[in-house]
1. For the residue pair Arg150 and Ala19, what label-to-label distance in nm results when each label sits 7 Å from Cα along the Cα-to-beta-carbon direction?
2. Whole-Hz Karplus ³J(HN,Hα) for the range 53-65, in order, using 6.51 cos²θ - 1.76 cosθ + 1.60 and θ = phi - 60°, x for Gly and Pro?
3. Between Tyr35 and Leu142, take the C-beta separation as r, use R0 = 41 Å, and let me know the FRET efficiency to the nearest 0.05.
4. Sorted by mean Cβ packing within 10 Å, highest first, what order do the peptides 98-106, 73-81 take?
5. How many nm separate the modelled label positions at Asp48 and Val253, each set 7 Å beyond the Cα in the direction of the Cβ?
6. To make sure I understand the rule: partners must be aspartates and glutamates, Cα under 13 Å from the Cα of Lys123, and not fewer than 8 residues away in the same chain. Which ones qualify?
7. If contacts are Cα pairs under 8 angstrom and at least 6 residues apart, what is the relative contact order of the range 1-80 in percent?
8. Using a/c under 1.5 as the rounded threshold, could you call the range 46-141 rounded, prolate or oblate? The axes a ≥ b ≥ c are square roots of the C-alpha gyration tensor eigenvalues, and prolate needs a/b larger than b/c, oblate otherwise.
Amino acid sequence: MKKISILIPCFNEVENVAAIAGAVEAELSKSLSSYDYEIAFIDNASTDGTRDEIEKLCAQNRRIKAIFNVTNFGQFSSPFYGMCQLDGDCVIPVCADFQDPVELIPLLVKEWEKGHRIVSAVKKSSRENPFIYFLRTCYYRLIRNMSNVRMIEHFTGFGLYDRTFIELLRKLNDPVPFLRGIVAEYGEGFNMTTVEYQQPKRRAGRTHNNFYTLYDAAMLSITSYSKVGLRLCTFAGFFCALADIIVAIVYLVLKLTHWYSFHAGYAPMIIGLFLIGAIQLFFIGIMGEYILNINTRVIGRPIVVEEKRINFDNYEQ
């Protein structure tokens with residue numbers, strides 16, 4: 001009997017964990033009753049009672065498992081680590097807030113049974129704030145054009161991953177994993193296919209995404225999968241230097257021919273100085289992001305440090 005592993009990453013989702021576990025179980029029992037399954041939560045140090053709810057679920061059903069992290073390791077490292085800890089024939093990560101529709105699970109499995117070892121779920125539309133969706137579209141297209149690999153637009157990581165791909169993730173030994181980039185980079189070798197869905201609204205609670213988390217995702221994808229940032233610094237520096245030389249030559253010619261008036265004041269000089277300073281600071285910031293990425297990899301800290309596990313011993317059916 002094949003086994004399906006469902007991973008549910010969570011952080012402060014006390015209103016959703018019991019509901020998502022029940023919805024997943026109901027869907028598996030209704031549509032995929034011929035499969036064995038496990039449901040695993042990985043909690044990023046929640047502080048709102050989420051862990052108490054998860055412990056209750058684990059006590060009631062040994063198919064439900066949990067990993068509790070000692071602190072919040074971020075929106076990318078924790079799910080990546082959780083996927084690598086499961087032993088199913090396939091792994092399906094599902095958000096605890098119901099924005100990854102559980103009714104899509106049977107379709108993912110159906111595509112998997114056709115031989116696709118990666119089935120990526122791609123949002124064709126979303127019921128979230130239209131402006132936020134527009135910004136996400138701009139971000140995905142920017143990254144797609146800048147990246148060395150062909151990024152999948154509106155792919156958040158929701159999908160199905162065969163055991164063979166999970167083995168690859170375990171071997172990567174990447175301290176700053178970016179699943180979306182890894183799937184885009186290696187997906188063709190695993191006969192990847194995509195399915196489309198409309199993303200529903202969050203069931204309850206507030207989103208934990210903010211400017212910082214979105215910026216962090218953007219910088220991680222740029223510094224891990226693109227040289228464009230550094231090349232942009234180089235080219236911009238070259239063109240600024242060229243423009244500076246041209247202006248200097250024109251200034252010298254005008255001065256020698258007495259066509260230039262020196263009563264214009266210092267405004268042009270000050271504006272130019274601030275412009276060049278702003279450009280320098282911007283590109284120093286970009287280089288700093290690359291250095292930060294390198295520093296994180298060199299330090300080699302573990303992706304996640306666990307506080308405890310629940311129900312990860314073998315259970316009897």
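A short reminder: the numbers here are calculations on the coordinates, not readings from a lab. Since the structure is predicted, the reported quantities are computational estimates derived from the model, not experimental observations. Heads up, the Cβs are rebuilt from the backbone with ideal geometry, glycines too, and the neighbour counts pull from every protein chain shown.
1. Inter-label distance under the simple model: 3.8 nm.
2. For the range 53-65, the Karplus-derived couplings read 5, 5, 4, 5, 4, 5, 5, 7, 8, 6, 6, 8, 10 Hz, x marking Gly and Pro.
3. 0.55
4. Taking the mean over residues of other Cβ atoms within 10 Å, the ranking is 73-81, 98-106.
5. A separation of 6.6 nm, rounded to one decimal place.
6. Asp100, Glu153, Glu196
7. 38 percent
8. It is oblate, given that a/c is not under 1.5 and a/b is not larger than b/c.
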